[in-house]
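What follows is a short report on a single structure.
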Amino acid sequence: MSILNESLAGRLSDIGRSGAAHASDSTAPEDNLSYVRGGVHPPLRYKTIPQLLRDAVSLFGPREAIVCPQQGIRLSYYEFDRAVDELASGFLAMGLTKGDRIGIWSPNRYEWVLTQFATARIGLVLVNINPAYRLSELEYALNKVACKALVTARAFKTSNYLEMLRTLAPEIESCEPGRLQAARLPHLRAVIVLGGAEEPGLFGFDRVRTLGGPAQQLRLPAIDAELGPDDAINIQFTSGTTGHPKGATLSHYNIVNNARFVTDRIALTENDRLCIPVPLYHCFGMVMGVLGAVSKGAAMVFPGEAFDPLATLAALEAERCTAVYGVPTMFVAMLEELDRSPRNLTQLRTGIMAGAPCPVEVMHRVMDRMHMREVTICYGMTETSPVSFQSFTDDPVDKRCETVGRVHPHLEVKIVDDDGRIVPVGVRGELCTRGYSVMKGYWGEPERTAEAIRDGWMHTGDLAVFDEQGFCSIVGRVKDMIIRGGENVYPREVEEFLFTHPKVSEVQVFGVPDDRYGEEICAWVVAKPGASLDADELRAFCNGQIAHFKIPRHFKLIDALPMTITGKPQKFIMRERMVEMLKSAGQAT
Ligand code: AMP
């Protein structure tokens, strides 16, 4: 990859050396209204993903870029860059061109990251397919955005990807690789499979890496010159609780800048080693993790295909990681594992907890037991690339544990009531975000896009509240709020309270229909390992401590909560199951 003729100073400041983010860059609400605007430092950069990688390579080439202990992979930025160009050339040799959509259906593997950069190198739009998707979801996603190629793992956990693909497209068996014509997947031409032996109708990933020759390599600079930061470069499916998943479409500009600002706030540098156990198919892995690390020349450590507390702790210790990301339940699992077998994590400094409400208790333990003195919380959503709020590493501990921090640079955020009016500071309402990070739209869905983005404001569906300094707390989902006998109950509040019970490991609170009160409160609780806990003990714990109408009528102790693989509790599933259980137990609901 040729090095752009840019001044070193420019690149250094891009790479975050212009100084870490400062709290003074964030504004507080004015006139007591819930509207904040992020600072203007560091500046936005009008760059593509290949330019971001090029900057890291030119400054930090010999340093370690990526480590995948389970795959025996350890590459410097130089080596990684060469591998990216090789795979990009292979894609060109297959006939893929700028703007084509190419899916990736795989757990966290080295090849995922390689594909991320190789597709961006030639302007292919990477389509993240959730590794947990099954037949109908896969069919929907591939057809919705007209994927021309798919990079797929063979199998993962209970999913046999190749078997599912052959069910959807039996034509694979008899086609020439790259010339698929399948009735149910009419746009798909090529399937590229990771690892293992060559199979009929499929390209082996390693073969694609060797397909490109000098002819393709020579085309790379010209293609590079055609790429623009505003081009769509990534589609991620976000699942609502109703309807089909929507393909949030993000540009280079969206995610390059968000990644930079996320790792600015944790003061990441080329001396850091970031452990990424969060999934790559989600923004948390591929934007905040991968692009965030590359924007600083830090090393990325991938502990395994899917999150495993033991493997993550082992990688943290063996690779001397200084930072780690996770959703709250991952941290809970790591803390429990640490209690069983202590590890030396003294080199850990920082990290990010995000993706779902982060219990205050867990934050405290992470700071203490995992040595993450500078841990931060992020809040965001895929549609905003993703992050819009984050704490600073030196915010007071209570603010860092109890809020999602302050607004990111270059963004405006307001909190509005049902009529769209900005609410006073201290009052809850729906959080809306505007600025560079707002997605281009939902692929092929102008109406759903227009519903979500109005006058440039992304309506998040999250309930939030600001304090006078601009710290934001996420207090629930707009539609999660329980109304019990006319009283509004915010599940988050009850969850935080139950979390203070010493035997509670995880808890989710939601409403179920009730004849008398309209809705009744229900709590599903996971006890700490080895602890014996029952509904009576929990009820007694609440009595006299929280208002009677907030005390769950139904408690259910359970081994594990239904979660998405990004660690988002699936309350709608809990609610459905609970309603069934109550019905069969003959209780009025
Ligand atoms: P996704 O698009 O998968 O990233 O999901 C975004 C949603 O996750 C948001 O709309 C919030 O409901 C939730 N979320 C993300 N971060 C946080 C956080 N720190 N606290 C509470 N909820 C969060």
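Here are a few things to note about the model shown:
- Hey, VAL416 more than 13 Å from the ligand (Cβ to nearest atom), under 21 Å from VAL475 (Cβ atoms) and either among the hydrophobic types (A, V, I, L, M, F, W, C) or open to solvent by 30 Å² or more (accessible area, probe 1.4 Å) (or both) or not: yes
- Residue count, segment 195-215 (criterion: in contact with a Phe, Trp or Tyr (Cβ under 9 Å, 6 or more places away or on another chain) and open to solvent by 10 Å² or more (accessible area, probe 1.4 Å)): 3
- Close pairs from segment 250-261: first in contact (Cβ under 8 Å) with a residue 60 or more places away in the chain and outside any helix (DSSP H, G or I), partner surrounded by 24 or more Cβ atoms within 10 Å (Cβ to Cβ) and of a type in the set (A, V, I, L, M), Cβ under 7 Å, at least 6 apart: LEU250/ILE233; LEU250/MET439; SER251/ILE233
- Residue count for segment 452-480, restricted to those that are out of contact with any Cys (no Cβ under 9 Å at 6 or more places or on another chain), open to solvent by 30 Å² or more (accessible area, probe 1.4 Å), within 15 Å of the ligand (Cβ to nearest atom) and more than 30 Å from ILE551 (Cα to Cα): 1
- Within segment 309-353, the residues that satisfy the criterion of being under 24 Å from TRP105 (Cβ atoms) and within 17 Å of the chain's Cα centre (by Cα) are TYR325, GLY326, VAL327, THR329, MET330.
- Identity of the residue in segment 54-74, surrounded by fewer than 20 Cβ atoms within 10 Å (Cβ to Cβ) and charged (D, E, K, R), that ends up nearest to the chain's Cα centre (by Cα): ARG74
- Qualifying residue in segment 229-248 (condition: under 28 Å from the mean Cα position of the chain (by Cα), surrounded by fewer than 20 Cβ atoms within 10 Å (Cβ to Cβ) and more than 30 Å from GLU412 (Cα to Cα)): no
- GLY99 meets all of the listed conditions (1) on the phi < 0 side of the Ramachandran plot; (2) modelled with pLDDT of 95 or more but one, namely (1).
- As a summary of the residue check, GLY518 satisfies the conditions (1) away from the ligand (no atom under 16 Å from the Cβ); (2) under 20 Å from GLN570 (Cβ atoms) except for the one numbered (2).
- Evaluation of LEU291 against (1) within 16 Å of the ligand (Cβ to nearest atom); (2) in contact with a strand residue (DSSP E or B) (Cβ under 6 Å, 6 or more places away or on another chain); (3) under 24 Å from PHE117 (Cβ atoms) (one fails), failing number: (2)
- For HIS41: the one exception among (1) closer than 26 Å to GLN390 by Cβ; (2) at pLDDT 95 or above; (3) not in a helix (DSSP H, G or I): (2)
- Any hit, segment 424-436, residues being within 16 Å of the ligand (Cβ to nearest atom), of a type in the set (A, V, I, L, M) and either surrounded by fewer than 19 Cβ atoms within 10 Å (Cβ to Cβ) or not in a loop (DSSP other than H, G, I, E, B) (or both): yes
- Test: CYS275 is open to solvent by less than 10 Å² (accessible area, probe 1.4 Å) and within 16 Å of the ligand (Cβ to nearest atom): no
- Comparison of GLU176, GLU171, GLU137, GLU199 shows that the only residue that is at pLDDT 95 or above, over 25 Å from LYS98 (Cα atoms) and not in a strand (DSSP E or B) is GLU171.
- Screening ALA120 against (1) touching a His at 6+ places or on another chain (Cβ under 8 Å); (2) under 17 Å from ALA190 (Cα atoms) leaves a single unmet condition, (2).
- The requirement of being open to solvent by less than 30 Å² (accessible area, probe 1.4 Å), within 15 Å of the ligand (Cβ to nearest atom) and either of a type outside the set (Gly, Ala, Ser) or in a helix (DSSP H, G or I) (or both) is fulfilled nowhere in segment 217-228; no residue meets it.
- Scanning segment 46-104 for residues that are in contact with a strand residue (DSSP E or B) (Cβ under 9 Å, 6 or more places away or on another chain), part of a helix (DSSP H, G or I) and of a type in the set (Asp, Glu) returns GLU79, ASP81.
The values are calculated or read from the model by the stated rules, or taken from the named source; none is laboratory data. Everything quoted here is computed from the prediction, not taken from an experiment. Here Cβ is always computed from backbone atoms with ideal geometry, including for glycine, and neighbour counts include all displayed protein chains. Side chains included, ligands, DNA and RNA excluded: accessible areas come from the protein's heavy atoms. Shrake-Rupley method; radii C 1.70, N 1.55, O 1.52, S 1.80 Å.
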